[in-house]
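This report refers to the structure that appears directly beneath it.
The values are calculated or read from the model by the stated rules, or taken from the named source; none is laboratory data. Predicted model, so just to flag it, every value in this text is computed and none were measured. Here the Cβ is made from the backbone with ideal geometry for all residues, glycine too, and neighbour counts use every protein chain on show.
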Amino acid sequence: MQHFSISDILSAEKQFRTNLINCLSGVRTAQLLGTQNPAGLTNLAIFNSAMHIGAHPPLMGLIFRPLDAQQHSLANILETGLYTLNSVPIDRLASAHQCSARYPQEVSEFAANGFTPWYSETHAAPYVAESALRIGLKLVQKTDIVLNGTMLLIGEVQEVWVAEEALEEDGNIRFDLLEAAGVGGLDTYYRFEAAARFPYAKPGVPPVSLI
């Protein structure tokens, strides 16, 4: 195995260091972040940092880099308090990845990359019509991370739209049946395949997969 000390990491070429550290947390669900500013201009960005915070109340977190003039998604969330997270269809990877390009504010990534904005009657931020899992969120907390100037935004889940074929009776969602993409690092995408699902573990009871 190759070993990297902290001094090796800090002295590494920037691109290598960025890729290495971004890959350490493994494959996560790729998400398209849908927002809209008060003037009605829509924005769509691809994220790999969505995380579960808690189920009661239902909370999810997103990590943002320091605010700059190009971060329209963050500005829209801070202005309106509303946003959506949408699964990335496995057959739309190139279009989804292109949403990371720095478009001017007047250009919607929805239109530029062939995605369709869709609105529910109960949430004002745009969803991605092509996504099999759509989550509507309301900003409830912003925490600045002093260590590196990033920020954690915590949103309360307001509503969920999910393809029926991927939703199990107990509320579990099968991401392989959603045909949703995962992402490792910044630019490598993966297909999900369910390998096993085990019941609640108890001492002395051998686990038997449910699938």
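Do you know which of the residues in the stretch 164-191 that are more than 14 Å from the chain's Cα centre (by Cα) and under 21 Å from Y83 (Cβ atoms) is surrounded by the fewest Cβ atoms within 10 Å (Cβ to Cβ)?
Looking at the filtered set, the residue picked out is I173.
Just to confirm my filter: which strands (runs of 3 or more DSSP E) fall fully inside the stretch 44-105 and include at least 2 residues that are touching a Lys or Arg at 6+ places or on another chain (Cβ under 8 Å), modelled with pLDDT of 95 or more and not acidic (D, E)?
Hits in the stretch 44-105: 82-87.
Read through the list (1) within 29 Å of L177 (Cβ to Cβ); (2) without any contact (Cβ under 8 Å) to a residue 12 or more places away in the chain; (3) of a type in the set (S, T, N, Q), then give the number of the only condition that T143 fails.
Unmet for T143, out of (1) within 29 Å of L177 (Cβ to Cβ); (2) without any contact (Cβ under 8 Å) to a residue 12 or more places away in the chain; (3) of a type in the set (S, T, N, Q): (1).
I'd like to check something: does the stretch 1-8 contain any residue that is in a helix (DSSP H, G or I) and either under 26 Å from Y190 (Cα atoms) or modelled with pLDDT of 95 or more (or both)?
no
Would you confirm whether or not the stretch 186-198 contains a residue that is more than 29 Å from N22 (Cβ to Cβ), outside any helix (DSSP H, G or I) and not small (G, A, S)?
Within the stretch 186-198 (the criterion being more than 29 Å from N22 (Cβ to Cβ), outside any helix (DSSP H, G or I) and not small (G, A, S)), the answer is yes, since at least one residue qualifies.
Of everything in the stretch 25-43 that's in a loop (DSSP other than H, G, I, E, B) and touching a helix residue (DSSP H, G or I) at 6+ places or on another chain (Cβ under 9 Å), which residue is farthest from P104 (Cα to Cα)?
Within the stretch 25-43, the match that is farthest from P104 (Cα to Cα) is A30.
Could you tell me whether the stretch 17-24 includes any residue that is touching a residue at least 40 places away in the same chain (Cβ under 8 Å), of a type outside the set (A, V, I, L, M) and in a strand (DSSP E or B)?
No, the stretch 17-24 contains no residue that is touching a residue at least 40 places away in the same chain (Cβ under 8 Å), of a type outside the set (A, V, I, L, M) and in a strand (DSSP E or B).
Within the set of pairs 6 or more residues apart or between chains, which connect a residue that is in contact (Cβ under 8 Å) with a residue 60 or more places away in the chain and at negative phi inside the stretch 149-177 to a residue that is crowded, with 16+ Cβ neighbours inside 10 Å and of a type in the set (S, T, Y) with Cβ atoms less than 7 Å apart?
G155/Y83; F175/T29
Which of the residues belonging to the stretch 88-116 are buried (at least 18 other Cβ atoms within 10 Å of the Cβ) and closer than 18 Å to A75 by Cβ?
Passing the criteria: C99, Y103, S108, E109, F110.
Take the stretch 12-43 and flag every residue that is modelled with pLDDT of 95 or more, within 10 Å of N76 (Cβ to Cβ) and of a type in the set (A, V, I, L, M).
Matches in the stretch 12-43: L33 only.
Considering only the stretch 106-136, state which residues are of a type in the set (V, I, T), part of a strand (DSSP E or B) and more than 15 Å from L32 (Cα to Cα).
Hits for the stretch 106-136: nothing passes.
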